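Structure first, then comments.
Any read-out appearing in this document is the output of simple, stated calculations on the displayed coordinates, not a laboratory observation. Not measured: the values here are computed from a predicted model. In this analysis, Cβ positions are derived from the backbone assuming ideal geometry, glycine residues included, and neighbour counts consider all displayed protein chains.
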Amino acid sequence: MSDGRLPEFFVVAPSGPGTWFADSHDGQRRYEEFVTRDLRLEIESRYRVLAAPESRGITGISMGGYAAFRIALKHPHLYGSVSSLSGALIPFGPADVPRYSWVTRWSLKRVFGSPSGDNSLAANDVWEILLHVCFDPSPFEANLRAGTEDVYRLDRVAALFGSLLNRHGVSTSVILEPGGHDWTYWSGAMFSIAEWHAQRFTYDRQSGRTNDR
């Protein structure tokens with residue numbers, strides 16, 4: 001921003017390790033509610049931002065990239081631009097979950113309940129959510145970016161999910177480029193993500209108010 005490569009906008013980065021940024025099945029942790037309501041309203045009341053979807057975006061890395069799309073698909077009126085970087089946009093179906101690592105299975109169970117019992121996996125599966133909606137016009141612009149050396153092959157996931165988004169009416173671009181599932185790749189790619197969002201924000205030039213993400 002200081003050298004003019006990016007326009008001014010406000011970045012908000014809440015922490016939620018291991019939470020999938022979701023409302024937990026047991027109701028004890030409500031991260032989705034926090035992000036979409038409490039945090040958003042607090043930022044809009046405290047800072048010089050425009051409280052409009054075209055001036056608001058959401059993004060995330062890995063688990064956060066999954067969360068960005070889940071939240072946007074469930075609350076399409078809130079955001080004008082949505083992106084993910086190496087997003088963990090994995091399906092939560094009964095045939096899918098057993099294939100994942102024990103760490104992933106444990107975190108899914110901790111947040112969404114037991115895959116073999118009472119759970120909210122289907123309600124938070126981005127593939128399942130998208131299959132039941134079709135937009136016209138597109139509610140937001142979407143961008144999926146991933147490295148082609150991703151150890152979890154999330155580049156392939158990005159390509160498939162991006163295609164499905166387009167088929168269901170979400171204007172989507174997918175960027176696959178050299179890089180792994182690590183900060184060596186992410187630290188550079190995040191600037192491209194920031195540029196992409198900045199080009200889509202609407203600004204109020206007269207008031208000098210900026211945007212949040």
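Overview of values
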| item | result |
| --- | --- |
| Nearest-0.05 FRET efficiency for residue 1 and residue 184, computed from C-beta distance (R0 22 Å) | 0.40 |
| Globularity index of the chain, i.e. its alpha-carbon radius of gyration over 2.2 N^0.38 Å | 1.01 |
| Proxy reagent accessibility, fewest Cβ within 10 Å first, across 202, 172, 104 | 202, 104, 172 |
| Residue-averaged 222 nm ellipticity for the chain, from DSSP H runs of 4+ at -39500 (n - 2.57), nearest 500 | -9500 deg cm²/dmol |
| Gain on full stretching of the segment that runs from residue 148 to residue 41 - 0.36 nm per residue minus C-alpha separation | 34.8 nm |
| Simple Cβ-charge dipole of region 31-198, Lys/Arg +1 and Asp/Glu -1, about Cα centre, in debye nearest 20 | 220 debye |
| Rg(Cα) / (2.2 N^0.38 Å) computed for region 131-188, rounded to two decimals | 1.25 |
